Amino acid sequence: MPVLDRERETEQGGGDALPKLPVPALGDTLDLYLRTLRPLLTEEQYQETLKIVTTFGAPGGLGELLQRRLLERSENRANWVYDYWLNDMYLANRMALPINSSPVMVFPPQHFRAPIDSLRFAAHLISGMLEYKSLLDTRSLPLDYARGQLAGTPLCMEQYYRLFTSYRLPGPQRDTLVAQQSSVMPEPEHIIVACRNQFFVMDVVINFRRLNERDLLTQLDRISKMADSEEERLPPIGLLTSDGRTEWAESRRVLMKESTNRDALDMIERCLCLVCLDQSSGLDLTDTSRAKLMLHGGGGAKNGGNRWYDKPMQFVIGSDGCCGVVCEHSAFEGIVLVQCTEYLLKYMRGSPSKLVRAASVSELPAPRRLRWKCTPEIHKHLSSSEDKLNRQVRNLDMDVHKFHEYGKEFIKKQKMSPDAYIQVALQLAYYKCHGRLVSTYESASIRRFQEGRVENIRSATAEALGFVRAMADLKSSDTEKMERLRAAINAQTKYTVLAITGKAIDNHLLGLREIAQDLKLEKPEIFKDTAFLISNQFILSTSQVPTTVDMFCCYGPVVPDGYGACYNPQSDHVLFCVSSFRDSPQTCSEEFVQILERGLLEMRDLCVRHNADTNGNPSGKADERPSGNYKEETLERPVQSQAPRMVVGTPSALGDVQRPPPQVSVSKAAAKSQVDIQTQTTSQGGSKERKI
Ligand code: COA
């Protein structure tokens with residue numbers, strides 16, 4: 001398969017009609033960079049960094065040289081940052097894909113009464129997938145448009161065209177994103193069905209005819225029976241794909257020595273997608289346990305080997321009703337995943353399956369089991385991969401929590417941006433737990449531009465720090481807290497607008513760093529500075545992923561002492577999916593969620609009291625003064641995000657250099673009481689009783 005040719009895709013993806021991503025002015029980026037560092041550094045550290053940044057940006061200095069080269073690069077490419085970004089964010093990242101990189105969508109639990117029900121569900125889903133794929137093949141997918149200030153702006157569609165055509169090939173130093181090239185005579189299309197850790201080739205187009213749902217069910221039924229046969233069972237090769245990327249590249253190299261394995265790998269790499277028919281996990285299917293199972297499959301003893309993590313789309317259908325999608329992230333963002341998945345679920349709801357049973361006799365060629373030749377070396381790799389996956393499974397600390405008290409509507413009534421409000425609440429929660437703010441990533445779509453992927457909204461603003469400190473200060477009045485809340489939300493909203501219009505700093509700094517490397521220059525001081533490492537250590541990795549059907553998205557943290565915080569705001573509630581690692585003494589998802597909830601209640605009560613004071617209006621409705629950049633905001637809808645994963649430096653590499661400002665380090669047990677803000681009574685303003 002060729003390396004992804006984006007220029008050709010852009011032609012068809014509506015991309016080339018869009019403006020190019022601008023290169024921000026050097027001075028603007030350096031100013032904003034310094035501003036974002038303020039809340040994260042001590043004064044001493046800040047002054048040190050100020051010198052480094054000033055030298056870098058000085059007239060005639062290195063910054064100007066790199067900026068010129070970046071501008072030249074931008075003239076010759078559709079998107080000057082795309083390759084740098086893809087490499088930095090995904091392909092050069094050596095971490096294992098499950099939990100660390102691959103986001104998942106979790107469906108509501110299905111109630112299958114008999115094994116055939118889950119196969120019927122799978123056939124229905126595949127049928128929907130084929131419908132969707134034909135929209136892609138005929139380029140009939142409607143163009144997405146942005147909303148808000150730049151309403152009507154078309155968005156780049158090219159990510160959609162990678163859903164069923166790309167593959168992340170592991171490499172010893174760097175992976176490659178490859179794509180199938182469409183040819184005049186299309187190849188027969190197949191999917192790979194994983195069942196009991198075995199992989200089966202299931203053609204979905206035979207003799208130029210797309211299989212109907214009954215045929216699909218027949219084939220799935222045959223596969224499920226073939227997988228039951230214990231004599232034919234082969235080792236769980238899929239486990240290898242759950243390992244670190246370098247380790248998997250090495251195992252793959254060994255596998256490739258055998259022609260049988262080469263054939264099997266080729267079939268998997270060229271398939272449309274995987275359908276993983278999972279065995280029952282034996283667990284109680286709560287939101288949290290389903291999220292975990294989707295993220296890691298439950299390890300080697302459960303369905304951890306029933307996966308192939310390099311493939312962008314893996315539909316998981318558990319016989320116990322635990323269903324969802326696991327996505328390899330390098331090819332597209334969460335919005336595309338959500339859009340596609342929502343299409344499928346709506347398709348399934350809109351055309352209920354009428355299938356009763358699979359055909360008892362079928363003329364269709366039987367699905368083919370993929371064979372593997374496993375040397376002792378491969379067995380060694382397998383057991384090492386399994387051990388690591390099992391460790392990951394034990395380490396994941398996940399809490400999916402529905403915050404019932406209010407949702408977007410209440411926040412909008414305060415004339416505030418719901419997204420900015422939730423981001424500020426996340427800052428408050430972290431501050432309550434740890435007594436400081438930390439570098440935070442919120443993904444913002446830049447699909448307004450050709451080949452646009454994401455930019456970072458750095459939510460740990462100085463204004464957010466002002467607000468959380470006011471909330472912790474017993475002497476601070478409601479008026480002051482309210483002013484600080486509005487300032488924090490305004491700052492967050494302004495940053496959002498900068499990010500979605502391509503004027504934020506992360507992509508630009510990355511471009512400057514990478515172009516220096518392309519020019520074979522020594523790494524500039526600004527990128528060796530401890531402050532740069534701290535600012536790229538995203539302890540809070542956050543993302544808004546709203547859905548319009550009953551399902552949710554989640555993902556893992558991106559650093560060992562961090563949180564992944566994915567939220568799904570709805571009109572009257574917000575779903576939070578918080579993840580962290582058990583072996584970090586700094587984090588605990590359940591405590592974080594409890595403290596987040598308390599903070600959200602305090603913020604609501606503050607608004608309600610303030611409205612009552614200023615308006616004599618106890619209803620919680622705000623006065624008419626607008627807050628935030630509502631008019632200036634650019635909103636993209638439906639826009640779902642998956643937190644990008646960027647890890648610059650490891651904690652051990654940072655060692656004791658990461659010296660946070662006034663820091664209160666707390667143990668998990670102490671976290672709850674740490675910097676706890678006085679609980680506001682909820683008696684005013686008609687607030688509801690707490691449900692938790
Ligand atoms: N007063 C009243 N209402 C307001 C308001 C204010 N001050 N500010 C915003 N609103 C409204 C909006 O009109 C919108 O209304 P709607 O629900 O009727 O559409 C709603 O509140 C939500 O707006 P807001 O919360 O401000 O922003 P958003 O939901 O558009 O999302 C981002 C902001 C950053 C998440 C979004 O711009 C984005 O980029 N998302 C994509 C991220 C992405 O692609 N990630 C992929 C990574 S995998």
- Query: Can you find a residue in region 46-57 that is charged (D, E, K, R), in a helix (DSSP H, G or I), modelled with pLDDT of 95 or more and under 22 Å from Thr501 (Cα atoms)?
  - Reply: no
- Query: Which one of the conditions (1) within 16 Å of the ligand (Cβ to nearest atom); (2) touching a Lys or Arg at 6+ places or on another chain (Cβ under 7 Å) does Ser417 fail to meet, given that it meets all the rest?
  - Reply: (2)
- Task: Scan (1) under 25 Å from Phe449 (Cβ atoms); (2) within 16 Å of the ligand (Cβ to nearest atom) for the single condition Ala487 breaks and write down its number.
- Result: (1)
- Query: Which pairs have Cβ atoms under 6 Å, sit 6 or more apart or on different chains, and link a residue in region 75-103 that is closer than 21 Å to Leu18 by Cβ to one that is part of a helix (DSSP H, G or I) and of a type in the set (A, V, I, L, M, F, W, C)?
  - Reply: Tyr84/Leu510
- Task: State whether the residues of region 237-251 include one that is in contact (Cβ under 8 Å) with a residue 40 or more places away in the chain and among the aromatic types (Phe, Trp, Tyr).
- Result: yes
- Residue in region 46-100 that is farthest from Gln517 (Cα to Cα), counting only those that are crowded, with 20+ Cβ neighbours inside 10 Å and β-branched (Val, Ile, Thr): Ile99
- Mind listing whichever residues of region 36-63 are within 27 Å of the chain's Cα centre (by Cα) and within 29 Å of Glu75 (Cβ to Cβ)? Thr36
- Task: Please enumerate the residues belonging to region 243-297 that are polar (S, T, N, Q) and more than 30 Å from Asp550 (Cα to Cα).
- Result: Thr246, Ser251, Ser259, Thr260, Asn261
- Got at least one residue in region 533-541 being in contact with a helix residue (DSSP H, G or I) (Cβ under 8 Å, 6 or more places away or on another chain) and either within 13 Å of the ligand (Cβ to nearest atom) or among the charged types (D, E, K, R) (or both)? no
- Working only within region 313-332, note down all residues that are within 13 Å of the ligand (Cβ to nearest atom) and either in contact with a helix residue (DSSP H, G or I) (Cβ under 6 Å, 6 or more places away or on another chain) or farther than 25 Å from Ser443 by Cβ (or both). Cys327, Ser330, Ala331, Phe332
- Task: Search region 480-513 for residues being part of a helix (DSSP H, G or I) and among the polar types (S, T, N, Q), and hand back the single one that is farthest from Gln537 (Cα to Cα).
- Result: Asn490
- Limited to region 337-352, what total is found for residues that are more than 16 Å from the ligand (Cβ to nearest atom) and either closer than 19 Å to Asp144 by Cα or surrounded by 13 or more Cβ atoms within 10 Å (Cβ to Cβ) (or both)? 7
- Task: Return yes or no: is Asp506 away from the ligand (no atom under 14 Å from the Cβ), more than 19 Å from Lys51 (Cα to Cα) and acidic (Asp, Glu)?
- Result: no
- Any hit, region 134-145, residues being within 24 Å of the chain's Cα centre (by Cα), at pLDDT 95 or above and crowded, with 16+ Cβ neighbours inside 10 Å: no
- Message: I'd like the full set of residues that are surrounded by fewer than 21 Cβ atoms within 10 Å (Cβ to Cβ), assigned to a loop (DSSP other than H, G, I, E, B), touching a helix residue (DSSP H, G or I) at 6+ places or on another chain (Cβ under 9 Å) and on the phi < 0 side of the Ramachandran plot, limited to region 382-438.
- Response: Glu405, Gly407, Arg436
- Go through region 222-241 and count every residue that is assigned to a helix (DSSP H, G or I) and either under 19 Å from Thr176 (Cβ atoms) or out of contact with any helix residue (DSSP H, G or I) (no Cβ under 6 Å at 6 or more places or on another chain) (or both). 11
- Residues of region 443-479 being touching a Gly at 6+ places or on another chain (Cβ under 8 Å), part of a loop (DSSP other than H, G, I, E, B) and more than 14 Å from the ligand (Cβ to nearest atom), which ones? Gln450
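The values are calculated or read from the model by the stated rules, or taken from the named source; none is laboratory data. It should be emphasised that the depicted structure is a prediction, and the values quoted were computed from it without experimental measurement. So basically every Cβ, Gly included, is an ideal-geometry build from the backbone, and we count neighbours across all protein chains shown.
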